[in-house]
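The block underneath contains the structure these notes are about, expressed in structure tokens.
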Amino acid sequence: MSDRLRNNLIAGFVVVVFWITLVIPAVVNADPIITQSTSTSDVTTSTDTTTRIRTNPPSAISPSINSSNSDICAMGVSGAVQTQILGISTGRTYRDLNCERLKIASKLYDMGMKVAAVSVMCQDFRTFDAMQKAGTPCPIAGLIGEEAAVEWKKNPRLIPKQEPVKLNKEDWFEKLANGIIAVILMALLAS
């Protein structure tokens, strides 16, 4: 046990003993004071009251995340919770990879690089499947049309697949911490 903890326990014990031996008996054994008086009065009261609030009420203000610019492929999420004791606010942006892919393909197309634009779009498994079902295979290694279809059959490992969402360690801990904070704040709000 540390010296500080031991000293705090001793000080707490001394305070408890003081209250038990001196304060509580004095309050319990005190003789009541009884007075009797009779009075008659007429009172007229006029009150003028002015109230001044010297402090603002507590508030948790969530950060504003501006994503109104059309060249930003990010989504902002923010939130705040305030109780009478504690206020917490947080915010974060998330990259939209599909938006980035669309912008890159659009810029390539605008520069006249149509095959490159289609290649960028074909990196998404949904576009790849749609192109295959339409009978127009995605370009590969500079090949288009039937030559590209033959090349895709030779290299099926290069076909984009839907990847399951995996959380890395930092994301997992962040989500866990956010969940714990949310439970604590909900408990504070409920009480």
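The values are calculated or read from the model by the stated rules, or taken from the named source; none is laboratory data. It should be emphasised that the depicted structure is a prediction, and the values quoted were computed from it without experimental measurement. Ideal geometry is used to build each Cβ from the backbone, glycine not excepted, and the neighbour counts take in all protein chains shown.
The single condition from (1) outside any loop (DSSP other than H, G, I, E, B); (2) at pLDDT below 90 that Ala117 fails is (2). Gly91 passes all but one of (1) touching a Leu at 6+ places or on another chain (Cβ under 7 Å); (2) not in a helix (DSSP H, G or I); which number fails? So Gly91 meets the others, but not (1).
Within region 150-177, being assigned to a helix (DSSP H, G or I), touching a residue at least 12 places away in the same chain (Cβ under 8 Å) and of a type outside the set (A, V, I, L, M) holds for one residue alone: Trp152.
So for region 15-23 (the condition being aromatic (Phe, Trp, Tyr) and at pLDDT below 75), does at least one residue qualify? The answer is yes; a qualifying residue exists. Out of Thr83, Thr127, one residue alone is within 26 Å of Ile61 (Cβ to Cβ) and polar (S, T, N, Q). It is Thr83.
When Thr55, Thr38, Thr47, Thr83 are checked against the criterion of being closer than 30 Å to Ala190 by Cβ and either at pLDDT below 65 or over 41 Å from the mean Cα position of the chain (by Cα) (or both), Thr55 stands alone in meeting it.
Considering (1) in contact (Cβ under 8 Å) with a residue 12 or more places away in the chain; (2) surrounded by 14 or more Cβ atoms within 10 Å (Cβ to Cβ); (3) over 37 Å from the mean Cα position of the chain (by Cα), the lone condition that Ser119 does not fulfil carries the number (3). Do we have Ile88 as out of contact with any strand residue (DSSP E or B) (no Cβ under 9 Å at 6 or more places or on another chain), surrounded by 14 or more Cβ atoms within 10 Å (Cβ to Cβ) and either touching a residue at least 40 places away in the same chain (Cβ under 8 Å) or hydrophobic (A, V, I, L, M, F, W, C) (or both) here? So Ile88 does not fit the description; no.
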